[in-house]
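Encoded as structure tokens, the structure appears first; notes follow it.
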Amino acid sequence: MAIYSRPNLTQPVKTGIFKCHSLRPKMPALSNPRHEAFAQAIFAGLAGKTRIDRAQSTAYLKAYPNCSSGNSAEACASKLLRRAKPILGRVRELQAEANARQQTKIDLSRDRVGRDLDEAYKTAKEAKNASAMVASALGIAKVFHAVPSDDEGTISFKNATSMHDIGRKLLMTVGMLNPPSLAIEQAIEANDSFVRRLEEIASEHRTLSAAT
């Protein structure tokens, strides 16, 4: 059974933020002021609370206030949308711009992920949660170091002759190739805590099995 300790996170790392954006050229405002006003009113109405607020006739009346309300405005709005195709294109462009402004930037940099994992490790350590410590530390190792697979056979515990060897190899699995003695002692202590917890779990389940 093994537990991993944290690698050194003080080394500088490259950061990067993924941004979602469109390569499509931004559509300018419509040359016809009334068409632009109609498109803006349709877009604003999309967030309307009532059916009337969202109706295209309502938007049409904002651009053409002299038109009669009701069926007349509805008919005129439908006719204009069929005749002036750029209006709907402008509405879609306004929607895309609004979505882009609301979209949260996702920081997937190694630095940010490493900080989160390190914080998770510290929290798990304070709670003495060995399994969570393993998961967090292994995650850190995967982000900042190449963790050898079993098939590679680069790190084997078969030839370990002491707990010192085991502690050193545990640290090597997370990229600490030349761990100092203090780190090895800490790795051994963490491993022992992990093993004790596993034994407690096994004992609890054996007791429950015997009771049933």
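Quick notes
- Taking 7 Å steps out from each Cα toward its Cβ at Ser69 and Lys85 produces label points 3.4 nm apart.
- Label-reachable residues, segment 72-92, where backbone N falls under 18 Å from a point 7 Å from Arg54's Cα toward its Cβ: 74, 78, 91-92
- Treating r as the C-beta distance of Leu208 and Glu185 and R0 as 45 Å, the FRET efficiency rounds to 0.80.
- With a Förster radius of 25 Å applied to the C-beta separation of Asp111 and Ala135, the computed FRET efficiency comes to 0.80.
- Most to least packed among 81-88, 184-191, 64-71, 133-140 [average Cβ atoms within 10 Å]: 133-140, 184-191, 81-88, 64-71
Values quoted throughout were computed directly from the atomic coordinates according to the rules given, and no laboratory measurement underlies them. Since this is a predicted model, take the numbers as computed values, not measurements. Methodologically, a virtual Cβ is constructed for each residue, glycine included, from the backbone with ideal geometry; neighbour enumeration extends over all protein chains shown.
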